[in-house]
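Asker: Pasting a structure here, questions to come.
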Amino acid sequence: MVAVYLNRIATSVPNNDMHQRFIDWVPRMIKDECGRALFRRMVSRAQIEHRYSVFKPHTEATGLDDEGFYCFGAFPDTGKRMAIYQREAFPLARRALDQLDLASLRHSLTHLIVTSCTGFYAPGPDLQIMEHYDLKASMERSIIGFLGCSAALNALKTARHIVRSEPSSKVLIVNLELCTLHLKETHDLEQILSFLVFWGWLRRQHSLLRSARHRTARCLFNSYSSERRPNNLADWRRRL
């Protein structure tokens, strides 16, 4: 059986920490003091210290972001949210991808998988990635969406299947989410508490997995290869 390995991993987040502005502003959506007290209690127990966003925090207590994207009574529609996603998604992806030294891999990468549940546009980030990094036109591209956080796991499984069936493959995975685009105007406390957990996980992940059948075999997501294994196998050797 062909062993598959993560070879490189890189992550990035936007520059703006919105956490304090978020927890100060959101209680304005809660109608009763009992609900606001529960929200504050959950904030203290959530152990979340930072949440990063493409939006800069508003300088005044009445606003959430400095673009006025979220205004009570006039929350943005899907089109406006997707316009911001298209503006910000690829620059954020690029900040992580730049850490992977794709120039040394561009002739050997065979597959690209992009996952997201927070935005879509066409032509999409997959084509932007290929063009910006001058990747081979013959690369096979896949988009995995509408699966929430589990999309990344599906991407890993898909990459694993590719490498096991074609051991010379190298698969690049880009997991791209802009969660602060999807705050909803609501008075429902359960929904608001869900925003506390998920609003602001603006996180990018890339991986590269590779087969370990031969020392010259190629890989698949971003971690390490059969040619250069980490010293601490318990921490870094993930056989998928």
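What follows draws every value from the coordinates through simple rules; no lab data is involved. What you see is a predicted model; the values in this text were computed from it and never measured. For neighbour counting, all protein chains shown are included, and Cβ atoms are generated from backbone atoms with ideal geometry for every residue, glycine included.
Asker: Mind sorting R95, R8, R45 by how few other Cβ atoms lie within 10 Å of their own Cβ, fewest first?
Answerer: Lowest to highest Cβ neighbour count: R45, R95, R8.
Asker: Can you give the relative contact order of the range 66-159 as a percent, counting alpha carbon pairs under 8 Å and 6+ residues apart?
Answerer: The value is 29 percent.
Asker: Just rank M139, M29, fewest to most, by other beta-carbon atoms within 10 angstrom.
Answerer: With the fewest neighbours first, M139, M29 line up as M139, M29.
Asker: Taking neighbour Cβ counts within 10 Å as the exposure measure, how do D126, D32 sort from fewest upward?
Answerer: D32, D126
Asker: If a/c stays under 1.5 just call it rounded; otherwise compare a/b with b/c (prolate if a/b is bigger, oblate if not). Do that for the range 12-95, with a ≥ b ≥ c from the square roots of the Cα gyration tensor eigenvalues.
Answerer: The shape class here is oblate.
Asker: Say each of M1 and E166 gets a label point 7 Å from the Cα, pointing the same way as Cα to Cβ; how far apart are those two points in nm?
Answerer: It works out to 2.3 nm between the two label points.
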